Each structure stands twice: as structure tokens, then as C-alpha cells.
Amino acid sequence: MPSATDAHRPVVLDRREGPFGEVVLRERGSDFEIIANGCFLMDTSDGRSERLLIDAALAALPADRPEPSVLIGGLGVGFSLVRAAEEPRWGRIAVVEREQAIVDWHLDGPLGRISGAALADPRTEVLRTDLVDHLRTTTERYDALCLDIDNGPDWTVTEGNGSLYSAAGVEACRTRLTRGGVLAVWSAQPSAEFESTLRNAGFRAVTTEEVAVARGVPDVVHLALRGE
């Protein structure tokens, strides 16, 4: 008979070696975890901060803006996408995910029980590409960018993700926003340096919203608006 310890021991469901390193999907009790290059990224145990990422972005937009478009950077375990699809006010919902394994876990794997309805929503489009590359090459503009990439500005575990939080990366985000559009960035910890980078790039109304966690510093969502 399995012990209580066995019930909380992670079970590897899939392990893939991709162009950006190893990604692993694990099951721990009733929750799923995503591990990248040996570092914990996220799980399905809570999701409050991922939902706040979407809610705070929408709240920052003018209430009379019709069917605002949102680009979600990182599919992850699907909480941000699900939150966006639950809100009828959003128009186009684009999700960028560069890890084919994560897309597969949602489309054909166990994470589909979380995101299935949101992925089937006609407003949703999954873009299988790197977020930094997409921001620098697309001509699309969005009313909101909701980015949940790696562990945030001060703690990246995948090579290349750090450039998103640099001055050049922030400028690419600003360029892809409509006038008055909102940039919302999830982070595992507050980053005063990233706030300064946002202000130096010309963003206004730069704020940080906190979400308490069981241990350690709170998760946060950095928010900023594009001006003229």
C-alpha cells in the first residue's frame, strides 16, 4: 500500500531534450510540475499570480477599448491562458510557446484537462516560436503583453531569456504595444532594477503587485503602460 511519502514523491510523466535544453513534466499527488534544465519553473498547485497577470493587465486598459488583444508569453501550465479565455472582453488571445513539449502536453497530454476549453476558444492562437524572436520580427501590435517567461528578470534558468528583460528587450515590448497598451511581467521576486529599466524605456505608471506565497518572498507582477 503506498505511503503518504510515496503520494508526494514526483513521478516523471515525460522528459524531452529540446533546442533549449531538457524539459520535464512531473506529477506530484494531484498536481503537475514543469522542470527546465533541472530547475523548477511552475506547477498547478496555486496559479493566483498567473491569473493576476491577466486580470491586472485588463484592469489597466481603458474600459471602453473594444475587444483588446493580448499576447501571452509562455503557455506554462495554462493558468494565464485559461484566465484570459474566461474573460469575454478580450478579443484576440495569442500565446507564444517555444517548447514543443509543453504545447504537446496541453494538446495531447495531461495538461489538456486544464487548458482544453481555452485552447478550443476561437479567439486563441498558439504561436510556436521564441518570444524574443517574435517580438523583434512581428509587425503585429497588441493592447496587452502578459509575459511569464522563466522565473523573472533576476532569475533566468534558460540561456537567452535574460535578453527579454534587458533595455533592448523592454524596447521591443514597447514597440509591439498599441498606444496606452499595458506590459505585465510575472516574476518570482520583485526587481527594482527591472522597474528602472521600464521607466528608462519610457513606460509610465510603473507599479508592482505582490502575491503572497507559502514560503519566501512574494511572487509579483510588474505593470507598465506605453505612453505616446
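Bear in mind these aren't lab numbers, they're just calculated from the coordinates by the rules spelled out. This is a predicted model, so every value here is computed, not measured. Virtual Cβ from ideal backbone geometry, glycine too; neighbours counted across all protein chains shown.
Here are a few things to note about the model shown:
- Evaluated with a Cβ-only charge set (Lys, Arg +1; Asp, Glu -1), the chain carries a dipole of roughly 480 debye about its Cα centre, given to the nearest 20.
- Sorted into 5 angstrom bins from 0, the C-alpha pair distances of the chain split as 1, 7, 15, 19, 20, 17, 11, 5, 2, 1, 1, 0, 0 percent.
- The rule of thumb for compact globular proteins, 2.2 N^0.38 Å, goes into the C-alpha radius of gyration of the stretch 1-131 1.14 times.
- Share antiparallel - DSSP beta bridges, the stretch 29-158, percent rounded to 5: 25 percent
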